[in-house]
1. Taking the solvent-accessible surface of protein heavy atoms with a 1.4 Å probe, what is the per residue accessible area of the chain in Å²?
2. With an 8 Å Cα cut-off and a minimum separation of 6 or more residues, compute the relative contact order for the range 60-177 in percent.
3. To the nearest 20 debye, what charge dipole does the chain have about its Cα centre, counting +1 at the Cβ of each Lys and Arg and -1 at the Cβ of each Asp and Glu?
4. May I ask which of K92/K161; K66/K260; K128/K233 have a Cα-Cα span longer than 31 Å here?
5. Ranked highest first by average number of other Cβ atoms within 10 Å, how do 208-219, 18-29, 172-183 line up?
6. Which angle between 0 and 90 degrees, to the nearest 10, do you get for helix 313-325 versus the longest principal axis of the chain when only C-alpha atoms count?
7. Name the shape class, rounded, prolate or oblate, that the alpha-carbon gyration tensor gives for the range 65-352, where a ≥ b ≥ c are the square roots of its eigenvalues, rounded holds for a/c under 1.5, and otherwise prolate holds if a/b is larger than b/c and oblate otherwise.
8. Tell me, what % of the accessible area of the range 65-352 is carbon and sulfur with a 1.4 angstrom probe?
Amino acid sequence: MNILSLASINLEQLQHSMKSWGLPAFRAKQILDWRNKGILDLSAMKNIPNSVKDALLEHIQVQPLKLVSKQKSTDGTRKYLFALQRDNQSLKHIETVFIPEESRGTVCISSQAGCVLDCPFCHTGTQKFEGNLTAAEIMAQVLAVKYDLLQDPMKHDLHHKVTHIVYMGMGEPLANEVEVFQSLELLMANDYLNLSRRRITLSTSGLVPQIERLGQDSPVNLAISLHTAINEKRNTLVPINIKHDLSRLRQCLNTYPLAKSRHITMEYVMLAGVNDRQEDLDALVQFINPERERINLIRFNSYPGSDYQGSATSVINNFAKSLISKGIRATVRRSRGDDIMAACGQLKTAKQGL
Ligand code: SAH
Ligand code: SF4
């Protein structure tokens, strides 16, 4: 899909296009000032004449997402369900989550509708794959959250601005390389969201050539869905491992360019009797490079029909303690938005099939 979209266009491109449509180019900056605040609704752009708005509507996609529903968790987490506004296609749905904390506000974005990689413990992986998102659809998720926070501010102590982005929603971002790389550029562009690469984290199940290109092009923080350091076990838990195994992943991680005092995060979802035993711990200790990597132990978020059980809290805590005693940085991820199925790996639209 190669259409111009307000959510992904930059100033120079919009000025150029507006001239070619016979519109005053100086309006481009005014329009993008609104857009950068999260406003894609032309009717809300008060200083833009109607004649310009009408002409824009003819030439450019204005709003690539339609908000279908929004849920708020008791812990402040918000989950949004969007329908992609594509012509002549059945409605596709994606989800986005906003996680407010005291010192940061994080948007967890989707990069694909569904995922083809089929990790057996992941809810998204069980969903039918419905395609890659465009850079505009990725950016529009962030804009929609900004807009919602303007309209419906958070109360008191929690952060109500978008300060961090994580590619941890639906889909495998590196399987949608072109659009995801473009969205990274837009997030970091001075004349768009102007976020530093230290505030963006991309989570991947381990597509080695794409990780290498990410390191060259946009070396944002990297999170790897490791889940086990035993190669044969990983073939089952993270099936992309059959193609890019742990030894290739190891080599590629050794050279990923890290920002100063940053680490690669190894995500490790704790599954009872599957990857939480002594042999798993030993393999993990062997695999990790403690100078450059840290481990984030994730509680398994169960969902109806899942075949796995999460490890008990005591097992998770002991696993973390053992890692720390070996000089490895390890943390246990707090699960957010559990009551609205907004936690990691729970994103799967209830509207599927509509
Ligand atoms: N496809 C990418 C990013 C999306 S998933 C990836 O796999 O990294 C974000 C994180 O949630 C990944 O680490 C993923 O393995 C984890 N995850 C998936 N299903 C989960 C579940 N049911 N419970 C907890 N974490 C899960
Ligand atoms: Fe896809 Fe990531 Fe889920 Fe695996 S964990 S199925 S790569 S979204």
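The values are calculated or read from the model by the stated rules, or taken from the named source; none is laboratory data. Quantities reported herein were computed from a predicted structural model and do not represent experimental measurements. For neighbour counting, all protein chains shown are included, and Cβ atoms are generated from backbone atoms with ideal geometry for every residue, glycine included. In case anyone asks, the SASA skips ligands and DNA or RNA and just uses the protein heavy atoms, side chains included. Shrake-Rupley method; radii C 1.70, N 1.55, O 1.52, S 1.80 Å.
1. That works out to 45 Å² per residue.
2. Reported relative contact order: 28 percent.
3. My answer is approximately 680 debye.
4. Beyond 31 Å between Cα atoms: K66/K260.
5. Packing order, densest peptide first, comes out as 172-183, 208-219, 18-29.
6. Here the helix axis deviates by roughly 80 degrees.
7. Rounded, because the longest to shortest axis ratio a/c is under 1.5.
8. 47 percent
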